[in-house]
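To keep things clear, I will list the structure first and then write my remarks on it.
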Amino acid sequence: MDRRTFFVTGAVGTVGFSEATFGSDRPNQHDMQTGRADLFKQHVETQDYRSMFPRCKIECFLNAAGGIPQSNFAEQAAREHSDFWRLGPSGGRLELFRKRIASCRKRFAKLIGAVSEEIAFVQNTKSGEQIVIDSINSIRSGGNIVTNDLHFGGSLHNLIGLKKSGVDVRIVRAKNWQTDLKAMKKQIDRRTALVCITLVSNVNGHIEPIKELSAHAHKMGAKVYADIIQAAGIYPFNVRELGIDFASCSGYKWLFGTHGAGFFYVAKELQGKTLKDRVFPGYAKMLYEPWTQLSDQTEDFDYHPPQDATRYQPGHLSYYGFYILDAGLEFIEKIGVKKLNAHACSLVKRLVAKTNPKKAKLISPHVDQMPIATFLVDNTAGLKDQFEKEKIVVAGASNRIRISPAIYNNEDDIDRVVKVLNR
């Protein structure tokens with residue numbers, strides 16, 4: 001069950017703007033910043049979270065692991081960015097643009113226990129993973145990659161392709177829907193270049209025993225990459241404490257962002273060394289005539305490549321997406337990851353307690369720590385139709401149903417799902 005093979009019940013939401021949004025000049029920088037602050041004051045300080053997500057008025061949305069529905073603070077951020085391009089940099093809009101992009105990087109770094117210099121912007125989770133695979137030279141000179149079948153299915157598909165091309169890729173099978181740590185350690189040897197795992201599995205919310213796995217991998221001389229898309233923003237963790245060398249995630253799930261904008265973490269001591277430069281971002285300036293009047297230059301070109309994690313950025317990205325992510329990260333900061341996790345996990349516990357195990361068998365081992373509950377069911381197609389009829393949005397594939405509540409859900413939402421599952 002992966003991000004591409006899940007069916008999702010309910011209508012797919014899209015980002016949209018009314019004609020009024022673009023019909024008149026927007027306010028200045030102070031007013032724009034106040035707009036976000038007022039939203040958070042109105043809803044966060046009063047804990048009125050549900051009304052910040054308009055889709056909750058239309059349907060019972062329980063697929064946060066598939067993607068958070070757009071919030072009103074995300075819409076406000078999108079308008080800010082649109083105004084920057086529509087009206088230009090005056091009125092404080094350029095200063096606000098720079099502030100939003102810088103704070104987005106800083107907020108995410110703080111969230112995962114890193115520093116800003118260790119964070120690059122990327123398009124999505126797999127972009128970060130691919131940079132790692134492409135940049136570790138030993139992978140193509142006899143080194144191997146070790147992973148398991150609870151890693152993201154899209155990444156596994158890519159790794160299978162590498163295996164077919166001649167790379168030694170070892171995929172360890174899970175045991176009882178959990179990582180077989182002993183089997184993973186057995187596959188990691190002195191020729192292992194990279195261990196690729198998902199910190200929290202999108203399949204069933206399984207939490208990888210990554211601290212122990214990383215310690216063993218490092219002992220054998222390997223590096224560790226983690227897909228953190230199902231962890232960042234909902235599961236408290238620190239990349240340094242867990243021994244993670246590289247990590248990436250998209251922003252449209254628990255970070256309250258949108259597609260096309262994500263983050264890539266590279267431990268500072270590995271930048272440009274273990275993880276070789278593969279692109280050289282910057283802008284070359286010619287230092288000779290007729291390009292310049294200067295005559296005392298010793299070099300033909302002005303060349304200054306980045307020395308931090310931005311060295312791995314491919315160029316311009318979706319700044320629109322990072323505007324929205326900055327708002328999402330501020331929302332997370334104001335509530336706190338622990339509170340977001342506690343609320344959602346309490347709802348999952350209610351779900352598990354009230355669901356008839358003869359109708360739906362739970363295969364999620366960590367519902368006390370991660371708000372993803374996946375059940376084995378006999379009639380997935382039939383349940384899909386029932387959920388759609390009741391306007392309940394969940395996810396599923398083949399013989400499984402996945403339910404993942406978030407801060408905007410309540411006990412009534414859970415009871416509606418239980419009623420369908422127990423029929």
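The values are calculated or read from the model by the stated rules, or taken from the named source; none is laboratory data. Since the model is a prediction, treat every value here as computed from it, not as a measurement. Glycine also receives a Cβ, built like all others from the backbone with ideal geometry; neighbour counts cover every protein chain displayed. Please note that ligands, DNA and RNA were not included when accessible areas were found on the heavy atoms of the full protein model with its side chains. Shrake-Rupley method; radii C 1.70, N 1.55, O 1.52, S 1.80 Å.
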Complete set of residues in segment 262-303 that are assigned to a loop (DSSP other than H, G, I, E, B) and among the acidic types (Asp, Glu): Asp277, Glu289, Asp296, Glu299, Asp300
Segment 100-123, subset under 15 Å from Arg311 (Cβ atoms) and in contact with a strand residue (DSSP E or B) (Cβ under 9 Å, 6 or more places away or on another chain), residue most open to solvent (accessible area, probe 1.4 Å): Glu117
Filter result for the condition that a residue is in contact with a strand residue (DSSP E or B) (Cβ under 7 Å, 6 or more places away or on another chain), in a helix (DSSP H, G or I) and open to solvent by less than 20 Å² (accessible area, probe 1.4 Å), over Ser155, Ser138: Ser155
Qualifying residue in segment 305-317 (condition: free of Cβ contacts under 8 Å to residues at least 24 places away in the same chain and over 19 Å from Gly262 (Cα atoms)): no
Residues of segment 144-168 classified as more than 23 Å from Lys182 (Cβ to Cβ) and touching a residue at least 12 places away in the same chain (Cβ under 8 Å), total: 5
Residue satisfying all of: in segment 282-311; within 26 Å of Leu111 (Cα to Cα) and in contact with a helix residue (DSSP H, G or I) (Cβ under 8 Å, 6 or more places away or on another chain); least open to solvent (accessible area, probe 1.4 Å) among these: Ala309
Counted residues, segment 341-370 - those being under 21 Å from Cys60 (Cβ atoms), touching a strand residue (DSSP E or B) at 6+ places or on another chain (Cβ under 6 Å) and either among the aromatic types (Phe, Trp, Tyr) or open to solvent by less than 20 Å² (accessible area, probe 1.4 Å) (or both): 5
Where a residue in segment 40-57 is touching a residue at least 60 places away in the same chain (Cβ under 8 Å) and its partner, wherever it lies, is part of a helix (DSSP H, G or I) and surrounded by fewer than 17 Cβ atoms within 10 Å (Cβ to Cβ), with Cβ under 7 Å and at least six apart: Phe40/Lys334; Val44/Lys334; Val44/Ile335; Met52/Asn72; Cys56/Arg50
From Lys175, Lys126, Lys211, residue being in contact with a helix residue (DSSP H, G or I) (Cβ under 8 Å, 6 or more places away or on another chain), open to solvent by 30 Å² or more (accessible area, probe 1.4 Å), charged (D, E, K, R) and under 20 Å from Ile363 (Cα atoms): Lys175
Residue tally, condition touching an Asp or Glu at 6+ places or on another chain (Cβ under 8 Å) and either among the basic types (Lys, Arg) or part of a loop (DSSP other than H, G, I, E, B) (or both), over segment 158-185: 3
Cβ-Cβ under 6 Å pairs, at least 6 apart or on other chains, segment 275-303 side among the aromatic types (Phe, Trp, Tyr), far side surrounded by 11 or more Cβ atoms within 10 Å (Cβ to Cβ): Phe280/Pro305; Tyr288/Asp300; Phe301/Ala284
Residue match in segment 322-333 (condition: open to solvent by 60 Å² or more (accessible area, probe 1.4 Å) and either closer than 24 Å to Lys110 by Cα or under 20 Å from the mean Cα position of the chain (by Cα) (or both)): yes
Given (1) open to solvent by less than 20 Å² (accessible area, probe 1.4 Å); (2) under 22 Å from Ser318 (Cα atoms); (3) of a type outside the set (S, T, N, Q); (4) in contact (Cβ under 8 Å) with a residue 24 or more places away in the chain, index of the condition Gly88 fails: (4)
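Residues are listed down the side, and each one gets a yes or a no for (1) within 26 Å of Val279 (Cβ to Cβ); (2) modelled with pLDDT under 95; (3) not in a loop (DSSP other than H, G, I, E, B):
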site: Ala20; (1), (2), (3): no, yes, yes
site: Met32; (1), (2), (3): no, yes, yes
site: Thr46; (1), (2), (3): no, yes, no
site: Cys56; (1), (2), (3): no, no, yes
site: Pro89; (1), (2), (3): no, yes, no
site: Cys104; (1), (2), (3): yes, no, yes
site: Lys126; (1), (2), (3): yes, no, yes
Options Lys253, Lys276, Lys268, Lys285: the member that is basic (Lys, Arg) and within 30 Å of Phe53 (Cβ to Cβ): Lys253
Segment 371-403, subset polar (S, T, N, Q) and at negative phi, residue surrounded by the most Cβ atoms within 10 Å (Cβ to Cβ): Thr374
Residue that is farthest from the chain's Cα centre (by Cα) [pool: residues in segment 238-261 that are part of a loop (DSSP other than H, G, I, E, B) and surrounded by fewer than 22 Cβ atoms within 10 Å (Cβ to Cβ)]: Gly243
Which listed residue is in contact with a Leu (Cβ under 8 Å, 6 or more places away or on another chain) and either more than 27 Å from Pro236 (Cβ to Cβ) or open to solvent by 40 Å² or more (accessible area, probe 1.4 Å) (or both), from Glu80, Glu45, Glu95, Glu75: Glu80
